[in-house]
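Some notes on the structure that comes next.
Just so it is clear, none of the values below were taken in a lab; they were calculated from the coordinates. As the structure is a computational prediction, the values presented were derived from the model and not from experiment. Using ideal geometry, Cβ is built from the backbone for each residue, glycine included, and neighbour counts are taken over all protein chains shown.
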Amino acid sequence: MADIGARILDEMVETARSIPFSETTRLAATVMGAPRVYIQALGRCGHIMRTFAIRLAQMDISVHVVGEPSALAARPGDLLVIGSGTGETGGSVAIAQKARDLGLDLLVMTASPQSRLAAIAGIPIILPGVSKDDIDAQLHSIQPPGSLFEQMLFCFLEQTIFEIAQKRDPGYAVIRRQHANLE
């Protein structure tokens, strides 16, 4: 069984080589140019997207998690960032459409280029990985469905945070100062 951990790590490293990291520059610029950023995802992707929201908040970027009581009303020109492996999550599709109707910019990260979310998105970013619905996927994983996409989403967002920090907080002083201290 110890070999399984090594196989999962090898799978992650090999898949990470095909992440379009050049897209992190676009995401970073889009986030930094938005008056407010809204983050939305459900399930395990939702937890990963919340880690992104925390880091943005720690860099003094106005960020809100959709559905949280503290989220303010969105306005035209704000940015909605959605993560969804399948790109078909009903709640995320509905929120994306509402954001479009309100005049928000929309950036979607998904493993499914033919999905409804990719079609709605003004800025789709296709990440490698196997979503929970990819039964006949070309990319195979020994991990449970969705895990590989979620891992790639985390890696992609971490590089985006690095790029934003290089412009706003190169030594991570603001992040350190803003890090939670009521733990």
Q) Calculated from DSSP H runs of 4 or more alone, at -39500 (n - 2.57) each and per residue, what is the 222 nm mean residue ellipticity of the chain, nearest 500? A) -15500 deg cm²/dmol
Q: Would you kindly derive the ³J(HN,Hα) couplings of region 16-23 from the backbone phi angles with the Karplus curve 6.51 cos²θ - 1.76 cosθ + 1.60 (θ = phi - 60°), listing them in order in whole Hz, with x for Gly and Pro?
A: 4, 5, 9, 5, x, 4, 4, 6
Q) Pick from Q40, Q159, Q143: which is most flexible by mean-square fluctuation in a GNM of the chain where alpha carbon atoms under 10 Å apart are linked? A) Q143
Q: Work out, step by step, the length gained on full extension between R17 and H140: first 0.36 nm times the residue separation, then minus their alpha carbon distance; give nm to one decimal.
A: 42.8 nm
Q. In terms of modelled amide H atoms, which long-range or inter-chain residues lie less than 5 Å from the amide H of L106?
A. L80, G122, I123
Q. GNM on the chain, C-alpha springs below 10 Å: top fluctuator among I95, I142, I82?
A. I142
(Q) Sort 73-80, 151-158 by packing, meaning the average of other beta carbons within 10 Å per residue, with the highest value first. (A) 151-158, 73-80
Q | DSSP-loop trypsin sites (Lys or Arg not before Pro) across region 1-91, with at most 16 other Cβ within 10 angstrom | A | R17
Q: Could you give the size of the charge dipole of the chain about its Cα centre, using +1 on the Cβ of each K and R and -1 on the Cβ of each D and E, expressed in debye and rounded to the nearest 20?
A: 600
Q: Just need the relative contact order of region 53-170 here, percent rounded to a whole number, with Cα pairs under 8 Å and 6+ apart.
A: 21
**Q.** Rough spin-label spacing in nm, given labels placed 7 Å along Cα→Cβ, for A173 and L9
**A.** 3.6
Q.
Run the numbers for M32 and R100: contour at 0.36 nm per residue of separation, minus the present Cα-Cα distance, in nm.
A. 22.5 nm
Q.
Through the Karplus equation 6.51 cos²θ - 1.76 cosθ + 1.60, θ set to phi - 60°, convert the phi angles of region 82-95 into ³J(HN,Hα) values in whole Hz; use x for Gly and Pro.
A. 10, x, 7, x, 7, x, 10, 4, x, x, 5, 5, 4, 5
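Given the convex hull of the Cα atoms of the chain, what is a quarter of its surface area in nm²?
For the chain, the mean projected area of the Cα convex hull comes to 11.5 nm².
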**Q.** Local electrostatic count at I164 - Lys and Arg +1, Asp and Glu -1, tallied over other residues with Cβ under 13 Å
**A.** 0
Q: May I ask which residue of P144, T24, G103 lies farthest towards the positive end of the charge dipole of region 2-178, with charges of +1 (Lys, Arg) and -1 (Asp, Glu) on Cβ and the Cα centre as origin?
A: G103
